[in-house]
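Undergrad: Before anything else, here's the structure in question.
The values are calculated or read from the model by the stated rules, or taken from the named source; none is laboratory data. Values in this document were obtained by computation on a predicted structure and should not be read as measured data. Glycine gets a Cβ as well: all are built from the backbone with ideal geometry, and neighbour counts include every protein chain shown.
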């Protein structure tokens, strides 16, 4: 793991993102798409990158909807705080295309990739995994929620490994949202690692270590 991973800005087909390349001697490196929360941008998730093993490519794009005061969102601004799968679907479609564009730009083969999100970005990450499970190795959702309006039983979830973490003192998104997400994913046959910490709306120290271990193990 890198204690302070560097990132490089990139403009690609209308996207603003930052990326980090693994050392050149890494065999068969994978890609992790990192999704920020509400009012974040492409710089917001790099504090999480220090938990990730060096063998990964990291790519953190800017959200597609500007928010009123500052930053960006993955869904249109609505009265409801938590978004539905339908509201996240346009972002999921565009993110999938971005991964393929980034892979082509860097000369990578990315038939399947990983996604990590925080808060609203966690909901977007779960939406991406539910809509396109055939493209996802691992999906990590930190301090987030499972979008509403889910299909009865998504296909191919047994091929995806999920990591869900939440702080029991979170007063932004209650911890029961994570617990319900875990129950639903397991009911659908998914492999889920769940971590709770005595933290607020952030990744606690214990779950940070668990996140690093999650991305250190072989994919399904």
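Undergrad: Hey, can you tell me all the residues within segment 180-216 that are free of Cβ contacts under 8 Å to residues at least 24 places away in the same chain and touching a strand residue (DSSP E or B) at 6+ places or on another chain (Cβ under 8 Å)? Even if it seems obvious, please write down each step before you answer.
TA: Step one: filter segment 180-216 for residues free of Cβ contacts under 8 Å to residues at least 24 places away in the same chain, giving 182-183, 186-187, 205-206, 213.
Answer for segment 180-216, where residues must be free of Cβ contacts under 8 Å to residues at least 24 places away in the same chain and touching a strand residue (DSSP E or B) at 6+ places or on another chain (Cβ under 8 Å): 182, 186, 205, 206.
Undergrad: Please specify each residue of segment 56-93 satisfying the condition of being over 14 Å from the mean Cα position of the chain (by Cα), surrounded by 16 or more Cβ atoms within 10 Å (Cβ to Cβ) and not in a strand (DSSP E or B).
TA: Selection gives 64, 71, 75, 82, 83, 85, 87, 89.
Undergrad: Could you list, in sequence order, all residues of segment 145-184 that are over 19 Å from residue 36 (Cα atoms), in contact with a helix residue (DSSP H, G or I) (Cβ under 9 Å, 6 or more places away or on another chain) and assigned to a loop (DSSP other than H, G, I, E, B)?
TA: 149, 150, 151, 153, 154, 155, 156, 160, 168, 169
Undergrad: Right, next: Just to check your reading of the model, which residue among 97, 124 is touching a helix residue (DSSP H, G or I) at 6+ places or on another chain (Cβ under 7 Å), part of a helix (DSSP H, G or I) and either surrounded by fewer than 19 Cβ atoms within 10 Å (Cβ to Cβ) or modelled with pLDDT of 95 or more (or both)?
TA: On the way: 97 fails: touching a helix residue (DSSP H, G or I) at 6+ places or on another chain (Cβ under 7 Å).
Of the residues listed, the single one that is touching a helix residue (DSSP H, G or I) at 6+ places or on another chain (Cβ under 7 Å), part of a helix (DSSP H, G or I) and either surrounded by fewer than 19 Cβ atoms within 10 Å (Cβ to Cβ) or modelled with pLDDT of 95 or more (or both) is 124.
Undergrad: Are any of the residues in segment 3-21 under 19 Å from the mean Cα position of the chain (by Cα), in a loop (DSSP other than H, G, I, E, B) and within 23 Å of residue 91 (Cβ to Cβ)?
TA: Checked against the condition, which is being under 19 Å from the mean Cα position of the chain (by Cα), in a loop (DSSP other than H, G, I, E, B) and within 23 Å of residue 91 (Cβ to Cβ), segment 3-21 yields at least one hit.
Undergrad: Working only within segment 137-165, note down all residues that are in contact with a strand residue (DSSP E or B) (Cβ under 6 Å, 6 or more places away or on another chain) and within 23 Å of residue 57 (Cβ to Cβ).
TA: Across segment 137-165, the qualifying residues are 137, 138, 139, 140, 141, 142, 160, 161, 162, 163, 165.
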